[in-house]
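Presented below is the structure to which this report refers.
Values quoted throughout were computed directly from the atomic coordinates according to the rules given, and no laboratory measurement underlies them. Just so it is clear, the structure is predicted and the values come from calculations on it, not from any experiment. Glycine gets a Cβ as well: all are built from the backbone with ideal geometry, and neighbour counts include every protein chain shown.
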Amino acid sequence: MNFPRLPKRAEKFFLSRSWENHFDNARLKRGQRLFSNEDASIDNLLVDVDSASFAFFTVTGSYAYEVEVNFTTNDRLYSFCDCPDEEKCKHIAAALYTLERHILENRPESESSESTASTAEISVDSWLENLTQSASADSEEDAEDEFPPSYKDRVIYLLGQEADYQNLGLHAYKGRLQKDGSFKITAHNVRTDYQEYNKPMFITNSDLRLLNQISLSSGRMYGSSSIYIDSSMFANILLECISTGRVILRQSVSVHDRTTTYLPIELGEDRVLSPSWSSTANNALKPSILIEPEPDELIYSTPKIYIDRSQNSVGKLDQTHPDEFLKQWLLGPKIPQDELDNVQQLIEKSANITGSETPDKPARLGKPKLSTAIPQLPKQNILVDLTPTAQFDIERTDASSPAILLQNSPVSNVLIGSLSFNYGDHSIKAEPFADTFTVTTANDITTIHRDQILESKLLRQLEHAPTLKLSKAFDEKLINQPYNDSVLFSKADSSNTHQWVAYISSEVPKLEAAGWTVNIGKLDYTLLDYDSFYEVISQNELKTEWFRFDLGVEYNGEKFSLIPALANAIASGMYESYDFDAAGGDLLAIPIDKKNTFINFPAKRFKLILDKVQDIFQHINGDGEIHIPQLRAATLVDDLDLEKSNQTLTELAALGAQLKNIKGLPKTRVPKNLNAELRDYQIEGFRWLQFLARYKLHGVLADDMGLGKTIQALTHILAEKNTKRNKGLPTLVVAPTSVIPNWRTEAAKFSPSLKVLLLHGSERHLNFTQIKNHDIVITSYALLQRDQALHTKQQYHIAILDESQYIKNAATKTTKVAYKLKANHRICLSGTPMENHLGELWSTFNFLMPGLLQSNKEFTSTFRTPIERHGDTARQISLNRRVGPLLLRRTKDVVAKELPPKTIIPHHISLTQEQTDLYESVRASMDKRVRDAISDQGLSKSQIIILDALLKLRQICCHPQLLKLKEAQKIQSSAKLDYLTNLLGTLIEEGRRILIFSQFTTMLGMIEKHLVKENIAFTKITGATRDREAPVEKFQTGKVPVFLISLKAGGTGLNLTAADTVIHYDPWWNPAAENQATDRAYRIGQDKPVFVHKLICQGTIEEHIQELQEKKAKLVESLLAGSTNKLSLTTETLNGLLAPIDV
């Protein structure tokens, strides 16, 4: 039957017979027999247009089966047979041999010679192979079968004990060959009843024979795949299995799983076992056995074999004397020192000692002739007064071999330092600890008395070694020998190699100077001494306000940056425990690449970097470079005392010096067209703003409320216009709505030459095109967000955020718009740059100089959490150093000494009985609700419920009728309102001018009713007040004695120096908000003493609010002054807020 030719690629594939690798030997041979009997025939052969080939066969064995073969365009072979065999079967193999023959028979004549030769070669090769196999069938069985390269399953033979049977055994398992030549167990027990025709591929013919021997010789149940030491065939089968290269050694019964890898053991050289003598503790002699070199384990099998774990080998023992002689020999008594001479004479008189050995019986054929000679007594040497010297050996080794220190080590590549002591020519491992150490040879026994006191002192000198003692690193079951304290261990990764190199560099010379011998093996590292040291700060070409910092060493003309290595060392805490004070002139080993290359680095220099510039390593990028803002670059020049070798470094040094001394700032003249006479501190503030602008820095003018931040900013704007540094660009001022009129008024009053545009009101869009024609553009925070499309596109010369605490929350839309403003110079004005937590400070500086305080996440971990939660003084100082030069704050008591005194008077008021009962009822109810919520969803997710509970308690303190409960509405009186009524009567009689603040506008309404009833004139500002100037003018001109103000609406932007009395009706959580309100009266221009009255309900939540105010005030003070204490909202704090009334 004629069939089309296959593609050449397919023909080449089939003729190469690479497909044979997909079959195990048994199926392949059975397929060859079917092919030879011509039981396979091609039914059809299809080749499609894409050169894929399909062949269909009928193969007749016991039955007729249909076979399909598909050779695809991507050179993959797929086959199918409808026989029951799950693997690639003999029918498919026969079909493929048939297809091969079809290809050869149908090739063109032009290819015939080649094909004939090929066929001849294949036939001859096959013929010769068959001849070889038939001629040496016995040796073929012993030869290791070859496996396809990708096939890794093997039979492995495990030598060791099993948990349920304590005798030593050899166990056949299924395993997998690893890349490093080791094996991993994949299945326990292998069937031993396979035959050649049905064995799986991982069982070779040699394995089949060995498994059969194990099963027949085990002495246990038939089919067992284990043989134990009590079997007479144990040793012979073990030695034969070792020849396969697949015997592994288990170190511990307790350690055995499928993740452990084992290196195959080797067949060791034969060793000699002979009778000998050994010394006891009291220097007596006793008969013993000598094997050189001494193995770890002796197995009394036939023949006897030994196990040497350190060499990972097993070998045979040749013995000099027969077993019965050795048995009797070991039963001999101990011989004390005073009887040695007599025993020696008895030995010499023995019939077996006549100057030559007594002839033994003729040896049997094939068996060695054994001696019965009694060994002579050895010469004894007792060494008592030797002084030990220490020897420390450091090496890289493989702990996964069944060897050295660990049983079935979970790691392979390790660094080990081991201690031993040299007594003369004898080296003794430090452990196990013992009084004596004995060295035995055939003719001598040397006993050394060890100096344990001196050995202990020497051992303690390893306390600085950078590794773990084995007893600390691993479970004691893993430790192969008693090396718990004198052997130091670490994984051989880059970090530990680094520590070893550092130890070798700094500590080993000290050990050698103390008389130690230190042997350093191949640790695969390079340690270099540098030629010179460099530190560089250069300007970033893409960002003019940022600078690139690098430091490193030069070696052989090549520069090595140490930035990545130092950053890693700082991040990992690698040097935290290093004793720099004791280091003196020592050098540290610093890694400079991933190939274990190290540079010696001065320890003191590194300490300076740690102390001064740890923070700059937060700015490292993916390329291992550090880019820092100009301000940090300026302080860094001074921190590192860098040589002023170029203009950049000279300018940065000058900037750093001026930042530290504000009085040394350039004496910039106050603009002549300013219609005001500035105070000295205001001139300094103006010059500070000018200084920041000159160096393209940005900052916070954080003077106390009332010290004239607005006029200092106006002076700065005027100077920028006069000198034309603004290049015609306007200044944007963003302020709270309540403060906008104040800006307009003060600009007109003090700097009338500045053109001011107010973008406010519903028709503000009509003036958008006029921005470029004005010097100052004023808008509110609310309108900044609404008009963001306009402001974020406009280029401003200066962007000023007044009361910048309005952007304290980085997540709000308004804050995000502020971040996008384009301005050459950015300024924040705020008497309270931080009110509650350090996250507000980060938000402010993210507007001023993004990146200065890192990302919000990094800032939280580096500064906020350590300072707020842990009271970390060092981090507080570090933060102060970073933001200090950009934050100028003066307080009234320092710069405005002419201000009259301010007196704070707390008034503690007891609730009425009705208020007390209501308070306790609500408190108990809310306390249970809050605790249930915290139990269900945690403290952080219960904030709304907590705040609602606290609000209700605060309202009861002010007046029960603020609470919308029926029980509360029935109570008509309030102890605090009654107290205020009496206080107001007294103050008005004294002619006081009074500001009354409350957070509750409803409460102000109640106070207002009382004032109307008492016919007391007043004015009022709340959030609903549109015209704020009229009530201010009314109070300032003396038309009314009382001014009612809601804390949120009137706490900022008002100048009320006519007042001499401030009453805070209810306390607020934030002390800064209360201070701002107070400073409406206590500010520049005040010429009367100011009295501040705080009304506090005794024993209630209001007293706890006062305590929290004090803690927050300390946190803010620490930012602006120096230290901090721990402050956090905890369950303990909540317990205090919800506590019963303390009377």
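In Å, what Kirkwood hydrodynamic radius results for the stretch 792-941 from the alpha-carbon pair distances?
19.5 Å
Treat the stretch 1034-1092 as a sphere of radius equal to its Kirkwood radius over Cα pairs and apply Stokes-Einstein at 25 °C in a medium of 0.890 mPa s; give the translational diffusion coefficient in µm²/s, rounded to a whole number.
208 µm²/s
For Ile909, what residues show an amide H to amide H distance below 5 Å, using hydrogens built from the backbone and excluding near sequence neighbours?
Ile1096, Cys1097, Gln1098
Mind listing which trypsin sites (Lys or Arg not before Pro) in the stretch 959-1042 are in a DSSP loop and have 11 or fewer other Cβ atoms within 10 Å?
Lys964, Lys970, Arg1026, Lys1039
Under the Kirkwood approximation applied to all pairs of distinct alpha-carbon atoms, what is the hydrodynamic radius of the stretch 652-778 in Å?
Over the stretch 652-778, the inverse of the mean reciprocal pair distance is 15.7 Å.
Sort Phe691, Phe601, Phe686 so that the residue with the fewest other Cβ atoms within 10 Å of its own Cβ comes first and the one with the most comes last. Let's see the in-between values first.
Working: Phe691 20, Phe601 23, Phe686 26.
Neighbour counts put them in this order, fewest first: Phe691, Phe601, Phe686.
For an R0 of 30 angstrom, estimate the FRET efficiency from the Cβ-Cβ distance between Gln376 and Glu297 and round to the nearest 0.05.
Efficiency, from the Cβ-Cβ distance: 0.60.
Hey, could you pull the Cα Rg and Dmax for the stretch 170-214, both in Å?
So, for the stretch 170-214, Rg and Dmax equal 11.2, 32 Å respectively.
Against the 2.2 N^0.38 Å scaling, with N counting residues, where does the stretch 663-895 land? I'd like the Cα-based Rg ratio to two decimal places.
1.00
Rule-of-thumb check for the stretch 921-965: C-alpha Rg over 2.2 N^0.38 Å?
For the stretch 921-965, the normalised Cα radius of gyration is 1.20.
Please identify the GluC sites (Glu not before Pro) of the stretch 763-836 that satisfy two criteria: DSSP loop assignment and at most 12 other Cβ atoms within 10 Å. Which are they?
Hits after loop and neighbour filter: Glu763.
Most exposed first by the Cβ proxy, i.e. fewest other Cβ within 10 Å, how do Lys8, Lys199 rank?
Listed from fewest to most nearby Cβ atoms, that is Lys8, Lys199.
Sorted by mean Cβ packing within 10 Å, highest first, what order do the peptides 1093-1099, 551-557, 451-457 take?
1093-1099, 551-557, 451-457
So for the stretch 980-1064, what are the equivalent ellipsoid semi-axes in whole Å, largest first, each being the square root of 5 times an eigenvalue of the Cα gyration tensor? All intermediate terms of the calculation are to be shown ahead of the outcome.
Details: eigenvalues 66, 46, 26 Å².
With the √(5λ) rule applied to the stretch 980-1064, the semi-axes are 18, 15, 11 Å.
Normalized C-alpha radius of gyration of the stretch 902-1137, against 2.2 N^0.38 Å?
Values: Rg = 18.7 Å, N = 236, 2.2 N^0.38 = 17.5 Å.
That works out to 1.07 for the stretch 902-1137.
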